[in-house]
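Asks: Below is a structure I'd like to ask you about.
The values are calculated or read from the model by the stated rules, or taken from the named source; none is laboratory data. These figures come from a predicted structure and were not determined experimentally. Please note: Cβ atoms are built from the backbone with ideal geometry, for glycine as well, and neighbour counts cover all protein chains shown.
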């Protein structure tokens, strides 16, 4: 089903199954593939459907347009937030949308062509392997843009995949980290020229599909449960952040295209 954003642009997540490989595409090119609520819901449904399909052995995720994987979430929705509890509910919603991806019983590959930012970084991190084009960038620059925060589950998942030091650079310094740096520490499996990304993703998927599926399932789900079982309750911090004047001002300035000023209140 094709969705449209508020400006009438296509905003959808599509699924095509070719052989035993599922190909999922984030298509919101006008907004660099930023995720709307309906796109998150579609992603959740697609992952739930794939999990029930015994014919699918590997899933490949990529963004449409050749310039961005996913550039984040639709910011306009934040304008209606009234208090910190809205932020808690929003982050719980993001966790529920991403859980079926993180716990897919098959190997998953993210093809990063351009940027994986915010929600895009979360989606890429939920995949088992990431391949990228030269110069691809990864980050969550919310300390510079919106003044919001991430759920404890999201932060824990990023820390487990990226290391705490890199996550601090992303969240505290608002740095965008290059694929060239992240390939050295294993987060990015390999860098390939843009024209070779699809071919290399197919090669990796074929390699994965020839290995023991039950071993792959149990191995990745054990790791996912280890991360999840270490989570503390951090709703007080999320509520404080989303209930702050800084966040409200950050959203207004972002939507106006203006740089925000932070007051710490």
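Asks: As an exercise: evaluate residue 139 against (1) closer than 16 Å to residue 60 by Cβ; (2) in contact (Cβ under 8 Å) with a residue 24 or more places away in the chain and give the number of the one condition it does not meet.
Replies: Only one criterion is unmet by residue 139, namely (1).
Asks: Could you list all residues from the range 249-265 that are part of a helix (DSSP H, G or I) and touching a residue at least 60 places away in the same chain (Cβ under 8 Å)?
Replies: To start, the set of residues in the range 249-265 that are part of a helix (DSSP H, G or I) comprises 249-256.
Passing the criteria: 249, 250, 251, 252, 254, 255.
Asks: If I filter the range 169-180 down to residues being out of contact with any strand residue (DSSP E or B) (no Cβ under 8 Å at 6 or more places or on another chain) and over 14 Å from residue 121 (Cβ atoms), which single residue comes out as surrounded by the most Cβ atoms within 10 Å (Cβ to Cβ)? Before the answer, list the steps.
Replies: Taking the range 169-180 as the starting set, the residues that turn out to be out of contact with any strand residue (DSSP E or B) (no Cβ under 8 Å at 6 or more places or on another chain) are 171-173.
If we keep only those that are over 14 Å from residue 121 (Cβ atoms) as well, we get 172-173.
Numbers: 172: 9, 173: 12.
Of everything passing the filter in the range 169-180, 173 is surrounded by the most Cβ atoms within 10 Å (Cβ to Cβ).
Asks: Could you tell me whether residue 150 is surrounded by 20 or more Cβ atoms within 10 Å (Cβ to Cβ), in contact (Cβ under 8 Å) with a residue 40 or more places away in the chain and in a helix (DSSP H, G or I)?
Replies: Working: surrounded by 20 or more Cβ atoms within 10 Å (Cβ to Cβ): yes; in contact (Cβ under 8 Å) with a residue 40 or more places away in the chain: yes; in a helix (DSSP H, G or I): no.
The answer is no for residue 150.
Asks: Sticking with this one: Is there a residue being more than 27 Å from residue 159 (Cα to Cα) and modelled with pLDDT of 95 or more anywhere in the range 235-247?
Replies: We begin by selecting, within the range 235-247, every residue more than 27 Å from residue 159 (Cα to Cα); these are 245.
If we keep only those that are modelled with pLDDT of 95 or more as well, we get 245.
Scanning the range 235-247 turns up at least one residue that is more than 27 Å from residue 159 (Cα to Cα) and modelled with pLDDT of 95 or more.
Asks: Taking the range 27-78, which residues are under 21 Å from residue 193 (Cα atoms) and assigned to a helix (DSSP H, G or I)?
Replies: Passing the criteria: only 29.
Asks: Separate question: Please verify whether the range 214-229 includes one or more residues that are surrounded by fewer than 17 Cβ atoms within 10 Å (Cβ to Cβ), at pLDDT 95 or above, over 19 Å from the mean Cα position of the chain (by Cα) and not in a helix (DSSP H, G or I).
Replies: no
Asks: Going through the range 166-179 one residue at a time, which ones are more than 26 Å from residue 252 (Cα to Cα) and either touching a residue at least 60 places away in the same chain (Cβ under 8 Å) or over 19 Å from the mean Cα position of the chain (by Cα) (or both)?
Replies: 179
Asks: Another question about this same structure. For residue 92, state whether it is part of a helix (DSSP H, G or I) and within 27 Å of residue 209 (Cβ to Cβ).
Replies: Numbers: part of a helix (DSSP H, G or I): yes; within 27 Å of residue 209 (Cβ to Cβ): no.
For residue 92, the condition - part of a helix (DSSP H, G or I) and within 27 Å of residue 209 (Cβ to Cβ) - is not met.
Asks: Residue by residue through the range 17-26, note down the ones that are in contact with a helix residue (DSSP H, G or I) (Cβ under 6 Å, 6 or more places away or on another chain) and either over 18 Å from residue 104 (Cα atoms) or part of a loop (DSSP other than H, G, I, E, B) (or both).
Replies: 20
Asks: Just checking, does the range 50-69 include any residue being surrounded by fewer than 16 Cβ atoms within 10 Å (Cβ to Cβ) and more than 30 Å from residue 207 (Cβ to Cβ)?
Replies: No, every residue in the range 50-69 fails to be surrounded by fewer than 16 Cβ atoms within 10 Å (Cβ to Cβ) and more than 30 Å from residue 207 (Cβ to Cβ).
Asks: Here's another thing I want to ask about it. Take the residues of the range 181-213 that are touching a helix residue (DSSP H, G or I) at 6+ places or on another chain (Cβ under 7 Å) and buried (at least 16 other Cβ atoms within 10 Å of the Cβ): which is farthest from residue 131 (Cα to Cα)? Explain how you work it out, then say what you get.
Replies: Quick first cut of the range 181-213, residues touching a helix residue (DSSP H, G or I) at 6+ places or on another chain (Cβ under 7 Å) only: 187-188, 190-192.
From what's left, buried (at least 16 other Cβ atoms within 10 Å of the Cβ): 187-188, 191-192.
Numbers: 187: 9, 188: 6, 191: 6, 192: 7 Å.
The extreme case among them is 187.
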